[in-house]
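One structure below.
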2 protein chains.
Amino acid sequence: MSSWPEDVGIIALEVYFPYQYVDQTELEQYDGASAGKYTVGLGQKRMGFCGDREDIHSLALTVVENLLRKYNIKPHEIGRIDVGTETIVDKSKSVKSVLMQLFEPHGVTDIEGLDTTNACFGGTAALLNAVDWVESSSWNGRYALVVCGDIAVYAKGPARPTGGCGAVAMLVGPSAPLVFDRGVRGFFCKHAYDFYKPDLTSEYPVVDGKLSVQCYFEALDKCYQLYCKNGEKKWQKDVNVDSFDGILFHTPYCKIVQKSVGRLVLNDFIRLPNDKRLALSPDLAKFAEVELTKTYFDRDVEKAFLSASSDTFDKKTKPSLHLAANIGNMYTASLYGGLASFLISKEPKNLIGNKIGLFSYGSGLASCFYSLQIKNSSALDTLINNLSHVNPLLEKRVKVAPEKFEATLELRKHSAHQAPYEPKSDVSHFFPGSYYLSKIDEQHRRYYDKVFQSCMSNGHT
Amino acid sequence: MSSWPEDVGIIALEVYFPYQYVDQTELEQYDGASAGKYTVGLGQKRMGFCGDREDIHSLALTVVENLLRKYNIKPHEIGRIDVGTETIVDKSKSVKSVLMQLFEPHGVTDIEGLDTTNACFGGTAALLNAVDWVESSSWNGRYALVVCGDIAVYAKGPARPTGGCGAVAMLVGPSAPLVFDRGVRGFFCKHAYDFYKPDLTSEYPVVDGKLSVQCYFEALDKCYQLYCKNGEKKWQKDVNVDSFDGILFHTPYCKIVQKSVGRLVLNDFIRLPNDKRLALSPDLAKFAEVELTKTYFDRDVEKAFLSASSDTFDKKTKPSLHLAANIGNMYTASLYGGLASFLISKEPKNLIGNKIGLFSYGSGLASCFYSLQIKNSSALDTLINNLSHVNPLLEKRVKVAPEKFEATLELRKHSAHQAPYEPKSDVSHFFPGSYYLSKIDEQHRRYYDKVFQSCMSNGHT
């Protein structure tokens, strides 16, 4: 008998994002960019952002408390907390230690797990560590709680509209509705300076835009190939894009994801025997000799495989981009916002038995392609019901003019690491139950308050 | 049959530290401190430090390459790398991604794992994640590599003599000579601002000295109590300090470890039934009613239990303080430098069958008490033989006058996060095989060179 519990995976999923956004069409105009540059070129609609009342602690406290309340999870039911983030406010103290404030008052202090870092991959690494823990001898029968969250802001310029902000919390354990496939994950890691944050005084990253796209595609190719190889060995059947009901991606901006689906179809194409490649439509057959590593910026290949993959994209990927298009890049939480978007796009009964492929990418770089199987259980209904606040909440947000958005980012820029500091932003529009920064004292200690949350309310309503 | 492999634990252990140190007696004089303040009061002899040629990357590259070479491990034998550090040079890019440079040239890119952070506990969290992985369905038969390393420097003042610098690499897998006991670990975590690094422009932490000592002792009490409870349930026998052949601690400075052994004996005393407590010598019996949480700074209790634990300290703990006394605090690597020190203090045959208790602590805070069992195997001899360089290397170091030490810290202070930057320190005394920073370019990208390492040499000789 295996000592690994059955059906280890995601039992609960909670999403949190700030109350304000800027409209990408308005931002295009304000920035003097050509019409459609952000909305069509990047595929973005709105961008969430936050003022000086929010940091990684406030996001994490809020999303965790919301999850525990909605699922009626008691503090002593949590045995491990893993946090993935790259929105560092301290080089030493973990966000996990800050989250302990939600558990200590209940006498719960024996909680394993820490923070895990590598750009946007930290959330997936935290999740996989939690899954490993449940399967290991360290597991004590309690749930693991995984928290991913980030504030993505860029210096004024072409990368600024690719910002975003949000957090996701997940509960991991056995008998889950979203079950990790075992022994098939494909990893790819290498040393790259595509996107990094070496200026510790700034929230802005250093980005080599072109290298970043190349690294993302290279990682996708390598992870997907390894996943297919592992899957074919394990399941003794072909693995390709047709093997999935949903294919989800880390989403720096929506357009790169659409291109990525094209790349998977390109990968499937290249894996075919030569005669099968040549037997396809002439539009594709002409690329029979193409080398993957020479196609990162090949417009002809891109166009052909975008076209060949458009049905796959529409059915299996587009529904996952809802939060990414309306909030922007949540870095570590991006892929899991994609998972939430995908789940709420369908009737629960149409999800049962689905296999979901997920590609997680973090610059620097670390990446993985893995898959989840959706099981029929009452926990699936609960999980999806508990995401019913997402769409209403997206619409409840406050639209802010580009001038005000820019002023808010300036405020963050100058206050990010100040101490002592009294935050200035108004809290009157914060969603109920949100934690916010009340002050930073002269010793850099951070204090938080919470917007009143009615006991009767289920989440943010 | 269990799906967990047998005897999962530490298979290889490599230690690296920089070539220069300052003498603590000389530093006392230079600082105008009372004689014995650092050497007796803190229990420190020498402090390792580094100039502007070393950072967390150079330390990690060096210790990993040394381990792979000495144990003749090929890059494709590594399936996971976990790094624990709080010496952050980037908020996003992981040290693990930098280490990939040792693997990519061999075509090895499918390596799991990332960096893990919470002060000095990051190394233990990395190690436990690696152990969980080997027991999980994610394991693919390859080794996990765990790297802990830090540069501990403090602003001029009373904390400065508690600095240090070094790195440890460990190989984790099944059939290990140092085997993790399953199901007995005791964790304690809470939100505390005892030691943290909120000033991201500085390498220096903010330290609340008194709170830090209180947090360390509280964490030790809680972790040890939980370990004893878990152990007594699992093994159906009493667990106390007599259960161990070695008791090892995270070592900010040696004196606190000596006091900690006293605290474990105090914990054992308090866990005794009342009549047994009263039947002990009057020196102890008079504390029969004492409350643990009121004793953190109680000199009478401290003195009585220091005295009652002195044999235990001398036999089971003192041998583990060799590197800590001669190098100082290596933060995440401190406990594992203690493990190396303990192992080389005995004949291998006298280690077989030993049970070692280990207390890991990271401010903020996260902590754990766990235990290892030493198994008889040829791998034990190899592991200990491969540590034979440690003592000769300690003596090969260059002693530097306090003036020069202070000037070097000033150089680090001003150069820590500069870009572009050309390091100034001389490399002529670096140990063979050491990586060092050659330059930081205008995009903050870091480049490294390596001191020539003869192919015939076994390690640093």
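The values are calculated or read from the model by the stated rules, or taken from the named source; none is laboratory data. Everything numeric in this text was worked out from a predicted model, so none of it was measured. As a convention, Cβ positions derive from the backbone with ideal geometry for all residues, glycine included, and neighbour counts pool all protein chains shown.
Here are the numbers for this structure:
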quantity: B:Leu411 vs. criteria in a strand (DSSP E or B), touching an Asp or Glu at 6+ places or on another chain (Cβ under 7 Å) and touching a residue at least 60 places away in the same chain (Cβ under 8 Å); calculated: no
quantity: Residue count, the stretch B:424-449 (criterion: part of a loop (DSSP other than H, G, I, E, B) and buried (at least 18 other Cβ atoms within 10 Å of the Cβ)); calculated: 6
quantity: Candidate set: the stretch B:316-352, residues that are of a type in the set (D, E, K, R) and either assigned to a loop (DSSP other than H, G, I, E, B) or in contact with a Ser or Thr (Cβ under 9 Å, 6 or more places away or on another chain) (or both); chosen: the one modelled with the lowest pLDDT; calculated: B:Glu347
quantity: Filtered residue count, the stretch B:136-161, keeping only those that are assigned to a loop (DSSP other than H, G, I, E, B) and either touching a residue at least 60 places away in the same chain (Cβ under 8 Å) or under 23 Å from the mean Cα position of the chain (by Cα) (or both); calculated: 11
quantity: Test: residue in the stretch B:343-354 that is among the aliphatic types (A, V, I, L, M) and in contact with a Pro (Cβ under 6 Å, 6 or more places away or on another chain); calculated: no
quantity: Check on A:Ile356, over 30 Å from A:Gly157 (Cβ atoms) and in contact with a Gly (Cβ under 7 Å, 6 or more places away or on another chain); calculated: yes
quantity: Residues being surrounded by fewer than 18 Cβ atoms within 10 Å (Cβ to Cβ) and either within 24 Å of the chain's Cα centre (by Cα) or of a type in the set (A, V, I, L, M, F, W, C) (or both) - total across the stretch A:307-327; calculated: 5
quantity: Members of the stretch A:192-213 that are facing chain B (nearest Cβ under 9 Å) and among the hydrophobic types (A, V, I, L, M, F, W, C); calculated: A:Ala192, A:Phe195, A:Leu200, A:Val206
quantity: Failed item in (1) within 23 Å of the chain's Cα centre (by Cα); (2) among the aliphatic types (A, V, I, L, M); (3) at pLDDT below 95, with A:Val427 passing the rest; calculated: (1)
quantity: All helices (runs of 4 or more DSSP H) inside the stretch B:1-108 with 3 or more residues being buried (at least 24 other Cβ atoms within 10 Å of the Cβ); calculated: B:56-70, B:95-99
quantity: Residue, farthest from the other protein chains (Cβ to nearest Cβ), within the stretch B:109-123, restricted to residues that are farther than 17 Å from B:Gly173 by Cα and either among the aliphatic types (A, V, I, L, M) or in a loop (DSSP other than H, G, I, E, B) (or both); calculated: B:Phe121
quantity: Count of residues meeting criterion [surrounded by 12 or more Cβ atoms within 10 Å (Cβ to Cβ) and either in contact with a His (Cβ under 9 Å, 6 or more places away or on another chain) or over 30 Å from B:Arg445 (Cα atoms) (or both)] in the stretch B:383-417; calculated: 18
quantity: Residues being aliphatic (A, V, I, L, M) and farther than 20 Å from B:Tyr224 by Cα - total across the stretch B:263-283; calculated: 3
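Listed here are the residues, each with its yes/no results for (1) at pLDDT 95 or above; (2) buried (at least 24 other Cβ atoms within 10 Å of the Cβ); (3) in a helix (DSSP H, G or I).
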{"residue": "B:Lys237", "(1), (2), (3)": "yes, no, no"}
{"residue": "B:Pro252", "(1), (2), (3)": "yes, yes, no"}
{"residue": "B:Gln258", "(1), (2), (3)": "yes, no, yes"}
{"residue": "B:Phe269", "(1), (2), (3)": "yes, no, yes"}
